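For reference, the structure is listed below as structure tokens.
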Amino acid sequence: MPDPNEITRWLGRMGEGDPEALDRVVRLLYDELRIMARRQLSNERSSHTLSATALVNEVYLKLARHAQINAGDRVQFFAVAATTMRRVLVDYARSRNRKKRGGGQDDVALEEVEAFLTERESEEVLALDAALDRLAALNPRAAKVVEQRFYAGLSVEETASLLNVSKKTIQRDWLAARAWLRKEVSFEIAN
């Protein structure tokens with residue numbers, strides 16, 4: 001188990017723009033990041049080629065492009081990682097749809113994208129992303145709750161702490177947001 005004080009120290013340095021800090025934080029939290037990635041990938045087809053390790057690596061590469069990442073504690077870092085993980089999965093879904101339509105140049109091999117998501121799954125990922133963006137416009141906190149609960153796998157308590165609200169508020173937002181997203185995604189896929 002990594003030392004929480006060491007993680008906090010490196011997170012502070014990451015917020016100051018220390019180029020070594022992200023690497024240290026990822027090494028310290030690597031096992032937890034893989035668990036988060038596995039949780040995300042468990043929602044996908046079991047035969048896809050993107051592994052939890054590859055997803056964590058993609059997240060690392062995206063985060064490494066930033067000179068400074070403000071995440072004062074472990075929960076905030078996982079919130080940033082979860083949002084980035086969402087972006088990676090959406091990028092893969094978009095890539096698959098572009099390949100399906102024959103356009104666009106990508107770094108991802110066609111056989112990797114096809115094995116990662118079926119046509120239906122890529123439509124669902126994109127529909128969920130679009131619905132989550134619409135939810136963020138209507139209720140930003142509820143959208144944050146979904147990101148943290150679904151993508152980061154944070155508990156109700158961790159999400160409440162991160163967003164500075166009560167557990168009851170998180171539970172209400174979570175239930176309402178899930179129902180709203182289910183309706184929106186179903187409607188978008190049907191049309």
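The values are calculated or read from the model by the stated rules, or taken from the named source; none is laboratory data. What you see is a predicted model; the values in this text were computed from it and never measured. We place every Cβ from the backbone using ideal geometry, glycine too, and count neighbours over all the protein chains shown. Heavy atoms of the whole protein, side chains included, go into the accessibility calculation; ligands, DNA and RNA do not. Shrake-Rupley method; radii C 1.70, N 1.55, O 1.52, S 1.80 Å.
Tell me which helices (runs of 4 or more DSSP H) are completely within segment 1-93 and hold 3 or more residues being surrounded by fewer than 17 Cβ atoms within 10 Å (Cβ to Cβ) and aromatic (Phe, Trp, Tyr), or say none if there are none.
Working: elements: 4-15, 21-41, 52-64.
Correct list: empty, since no element meets the threshold.
Could you tell me whether any residue of segment 149-158 is modelled with pLDDT of 90 or more and more than 16 Å from the chain's Cα centre (by Cα)? Quick ask: steps written out before the conclusion?
First pass over segment 149-158, keeping only residues modelled with pLDDT of 90 or more: 156-157.
Still in the list and also more than 16 Å from the chain's Cα centre (by Cα): 156-157.
Within segment 149-158, one or more residues are modelled with pLDDT of 90 or more and more than 16 Å from the chain's Cα centre (by Cα).
If I filter segment 148-168 down to residues being touching a residue at least 12 places away in the same chain (Cβ under 8 Å) and open to solvent by less than 20 Å² (accessible area, probe 1.4 Å), which single residue comes out as farthest from Thr84 (Cα to Cα)?
The extreme case among them is Thr159.
Give the residue, chosen from Glu121, Glu188, that is in contact with a Leu (Cβ under 9 Å, 6 or more places away or on another chain) and surrounded by 13 or more Cβ atoms within 10 Å (Cβ to Cβ). Lay out the reasoning, then the answer.
Values: Glu121 fails: in contact with a Leu (Cβ under 9 Å, 6 or more places away or on another chain).
Glu188 is the lone residue from the list that is in contact with a Leu (Cβ under 9 Å, 6 or more places away or on another chain) and surrounded by 13 or more Cβ atoms within 10 Å (Cβ to Cβ).
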